[in-house]
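Read the figures in this text as sums done on the coordinates, not as results from a lab. In this text the structure is predicted, and so the values were computed from the model without any measurement. Positions of Cβ are backbone-derived with ideal geometry, glycine not excepted, and every protein chain shown enters the neighbour counts.
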Amino acid sequence: MFLLNLDFFTLFFCVFLALLVLINFNLFTILLALGSMPLAFTYPLMKRFTYWPQLFLGITFNYGLILGWTSVNNEVNLVPIIFYLGAIFWTLGYDTIYGYQDIKDDEIIGVKSTSIRFKENPKKFLYMVYSIFIIALISVGTLMKFNFLYFIFLALISYQLFFFSN
């Protein structure tokens, strides 16, 4: 007699729901989404192999920006690429900050992170990644011809990022 495992059923149900959402998009977006699967499956292993798992998280997690753009525009141009790259650096920054909580434990168990890699000079690293993020947002705002309010609020966000990274 075969007993249905509840964990298997839950996983199957979630995959089925994801498929139902996916098939509502255009073909280009569906193909790009399927191309992201290797990223999603390999991300959990990155802390064992590289000091840059936060970078891989940014690449994987922010892939949805490209998918959102293609689902509306059915093409990729410079704007979503710049936005995607900026978001990768934003993720790299905030997840590095988050990783500082776990440095001692991570070093004991032997996993790697940007927090460990840059533990001697974290501010320099965070200023660099957040500067790239802000430059990307300025570029996107300029290319999209956003009005002055966007740039005013971006200045406030920039202040907050650099003030709290200090």
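Key figures
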read-out: Segment 11-27 residues that are closer than 21 Å to residue 66 by Cα and in contact (Cβ under 8 Å) with a residue 40 or more places away in the chain, paired with ones that are hydrophobic (A, V, I, L, M, F, W, C) and part of a helix (DSSP H, G or I) (beta carbon under 8 Å, 6 or more apart); value: 25/33; 25/67
read-out: Residue 69 vs. criteria in contact (Cβ under 8 Å) with a residue 40 or more places away in the chain and out of contact with any Asp or Glu (no Cβ under 7 Å at 6 or more places or on another chain); value: no
read-out: Within segment 122-143, tally of residues that are free of Cβ contacts under 8 Å to residues at least 24 places away in the same chain, farther than 16 Å from residue 95 by Cα and not β-branched (Val, Ile, Thr); value: 1
read-out: Helices (runs of 4 or more DSSP H) enclosed by segment 25-82 - at least 2 residues per element that are within 14 Å of the chain's Cα centre (by Cα) and among the aromatic types (Phe, Trp, Tyr); value: 53-61
read-out: Whichever residue in segment 18-44 is closer than 18 Å to residue 84 by Cα and small (Gly, Ala, Ser) and, among such residues, is surrounded by the most Cβ atoms within 10 Å (Cβ to Cβ); value: 33
read-out: Test: residue in segment 137-144 that is under 27 Å from residue 44 (Cβ atoms) and within 18 Å of the chain's Cα centre (by Cα); value: no
read-out: Hits in segment 111-121 (condition: in a loop (DSSP other than H, G, I, E, B), over 19 Å from the mean Cα position of the chain (by Cα) and in contact (Cβ under 8 Å) with a residue 40 or more places away in the chain); value: 111
read-out: Conditions (1) under 30 Å from residue 48 (Cα atoms); (2) surrounded by 12 or more Cβ atoms within 10 Å (Cβ to Cβ); (3) over 22 Å from the mean Cα position of the chain (by Cα); (4) not polar (S, T, N, Q); number of the one not met by residue 100; value: (3)
read-out: Contacts under 7 angstrom Cβ, first residue in segment 145-163 being under 19 Å from residue 123 (Cα atoms), partner acidic (Asp, Glu) and surrounded by 14 or more Cβ atoms within 10 Å (Cβ to Cβ), 6 or more apart; value: none
